[in-house]
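Beneath this line is the structure, given in C-alpha cells, with notes to follow.
The values are calculated or read from the model by the stated rules, or taken from the named source; none is laboratory data. Please read these numbers as outputs of a predicted model, since none were measured by experiment. As a convention, Cβ positions derive from the backbone with ideal geometry for all residues, glycine included, and neighbour counts pool all protein chains shown.
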Amino acid sequence: MKENFPEDIPEGHIVRLHQHSDNASHFKSTGAINYFTTLIDTRGGPSQTAFVYSFGAPGHGKGPFDGIGGRWKNKIDQAMSTAERKKLEFTDTGYIENVRDVFKALDYYFGRSVKKDSQLAGKNPIGHYNFFCYLTSENPISRPTEAFETLDGITKRYQIVVKSEGIVYWRKRSCWWLSCTDSLFRGPLEWGQDYTSEQCSTIEDESTDYDGDKTADRMYSFTKKSCPKTAGPGVAMQSQTITKNRNEIASKLTVGDFVLFRKSDDDVEPIWLGRIMSNPDWSGQGVYQNETRQRHTFNGVPIGRGEVGLYVMWYEEIDVMSEKLEYWVSRSENTPIVQNNRELIPIEVTMHQMLEETNAVPKLRTSARGDTERSVNNNVRRIEDWHTKELEIVWKMDSDLRRLALSFDNF
Ligand SMILES: [Zn+2]
C-alpha cells in the first residue's frame, strides 16, 4: 500500500478499515478480536480511527487465495502418488515425507518459472510465487502465553465495531444499508451501552430465549462488549501505567486548570468538566497528593495512598441537546468540592473562552495569625465574587478533545 498506493493512505498507515471475512474460527476468536482492538492505539487512537469487522457464513467468501491453496494441495497429492511408482527428482529421499519436501515440491512446480505448472497457476491474477521454508526446529516462532476473557456469544455475532482497546460493539447481523454503514465510521465513541441505528431496530430474533436483555434479542442492535486480555505481555504494565499517569498528571495540576472526569453511570453526559480551585486547607493549592501511608478523607471523600485529591468547581454544558459544546460554571453548585482523581481522564484540557473577559481563580490562604474565622469568611466571599462573575463567561470545548475523552473507557 505504502509503495504503490500512497495517496490512499495519507497518514502512512490504515486508519479506517472495513474488513469482511468468512466465519473461520482463526479470524473470529476472542484473541483475534482483542488484537483488532489494540491496532487503533498504534494508529492515532480511537478518536482518529474506525475499524469494522463483518463476518459472513463459514467457508463463504472464497477468493483467489483459496483457489491457489487448493491447487497446491492437489499438486502435492499428485506428487505423492507419483512417488509410489518412481523417485521424485526434487527431494532428497525421492518421496514426500515432511514439511521440507512439501516446500521443495511447491518450489519445483510453482516457484521456478521454468516449470509449466507455474503457468497453470497463472490462470489467477498472480503470476509468480516465492516460497520460504520455516521449520519450527530452525526458526521457532515464539508465542507469548496470553489469556483473554471469553466473549460469550461470539459465534452468533456477525458485525463488530472497535471502540477502543479491549472494547467493542457487536450485533447479530451485518447491515449493508449505506447510511447504517456510514454511522459505523462516524464512530462508536458516542454510543452508550447499546446502540441502534434508527431504521435498523425492528427485527427481533425469535430463536433466542428472552433472558431479560431486550437489545440482545434484536438482530440489528449493537451491544457493548469488553474483551480484555487477562494474561500475557502488556497486561500488568498497562493498568499500572495508567494509574501512574493519572496520579502524576493530577499532581501537576494548578489552580485554574480545567479537568475532565469520567462518569460512566451518567447516561446523558459521561464526560464532566471541572476546574481546579484553590483550597485554603491545602495551603492554597488545588491538589493534594497523598504521600503518606494512610488513606486521608476530606469531606467524606477518601484519598488513598499515592492518589491525588482535587479541589474542583463543576462546569456544565449550557445546552445538552446541542452539539455546540459550550460550557459555563455550574448553576446549582457554587462552591468547589474535593474529588478523588480515580475518575480523572488523564489528558490535558484546553478550553476556549468565547469573550475576552478575565476572571482569575482567586488564590486562598488561611491566615497564619489566628483570626481564622475572619479569613474563612474572607475566602468564602472571594469564591462567591469569582463565581458571580464566572456565571457570565462561556467556555468552548473542541470536539476532538471530547472524542478523545470518550475513548477512555477502561476505568
Ligand atoms: Zn442498518
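Matching residues to (1) within 20 Å of Leu401 (Cα to Cα); (2) not in a loop (DSSP other than H, G, I, E, B):
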site: Asn334; (1), (2): no, no
site: Val338; (1), (2): no, yes
site: Arg342; (1), (2): yes, yes
site: Lys363; (1), (2): no, no
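Would you check if there is a residue in the stretch 87-98 being in a loop (DSSP other than H, G, I, E, B) and modelled with pLDDT under 85? No, every residue in the stretch 87-98 fails to be in a loop (DSSP other than H, G, I, E, B) and modelled with pLDDT under 85. The residue that is surrounded by the most Cβ atoms within 10 Å (Cβ to Cβ), counting only those in the stretch 291-314 that are in contact with a helix residue (DSSP H, G or I) (Cβ under 9 Å, 6 or more places away or on another chain) and assigned to a strand (DSSP E or B), is Leu310.
When the stretch 23-42 is filtered for residues that are in a loop (DSSP other than H, G, I, E, B), more than 14 Å from Pro228 (Cα to Cα) and at pLDDT 70 or above, only Lys28 remains.
One residue stands out in the stretch 171-201 among those that are assigned to a helix (DSSP H, G or I) and surrounded by fewer than 11 Cβ atoms within 10 Å (Cβ to Cβ): the one that is farthest from the ligand (Cβ to nearest atom), namely Arg186. Inside the stretch 112-133, residues that are surrounded by 11 or more Cβ atoms within 10 Å (Cβ to Cβ) and at pLDDT 85 or above make up a count of 2. When you scan the stretch 202-245, how many residues do you find that are within 16 Å of the ligand (Cβ to nearest atom) and modelled with pLDDT under 70? Residues flagged as within 16 Å of the ligand (Cβ to nearest atom) and modelled with pLDDT under 70 within the stretch 202-245 amount to 5. Within the stretch 154-170, the set of residues being at pLDDT below 85 and either within 12 Å of the ligand (Cβ to nearest atom) or among the charged types (D, E, K, R) (or both) comprises Lys156, Arg157, Lys163, Glu165.
Filter the stretch 377-400 for residues that are closer than 19 Å to Ile318 by Cα, in a helix (DSSP H, G or I) and touching a Leu at 6+ places or on another chain (Cβ under 9 Å) and give the result. The answer is Ser399, and nothing else.
The single residue among Val255, Val320 that is surrounded by fewer than 21 Cβ atoms within 10 Å (Cβ to Cβ), in a loop (DSSP other than H, G, I, E, B) and modelled with pLDDT of 95 or more turns out to be Val255.
I'd like to check something: does the stretch 351-362 contain any residue that is touching a Pro at 6+ places or on another chain (Cβ under 6 Å), assigned by TED's automatic domain parsing to the domain that holds Arg246 and at pLDDT below 90? No; the residues of the stretch 351-362 include none that is touching a Pro at 6+ places or on another chain (Cβ under 6 Å), assigned by TED's automatic domain parsing to the domain that holds Arg246 and at pLDDT below 90.
Within the stretch 265-280, being touching a Ser or Thr at 6+ places or on another chain (Cβ under 7 Å) and farther than 15 Å from Ile249 by Cβ holds for Pro270, Pro280. Pairing residues of the stretch 382-408 that are free of Cβ contacts under 8 Å to residues at least 40 places away in the same chain with residues that are β-branched (Val, Ile, Thr), at Cβ distances under 7 Å and at least 6 apart in sequence or on separate chains, gives Trp386/Val361. Scanning the stretch 351-361 for residues that are part of a loop (DSSP other than H, G, I, E, B) and surrounded by 11 or more Cβ atoms within 10 Å (Cβ to Cβ) turns up Met354, Glu357, Asn359, Val361.
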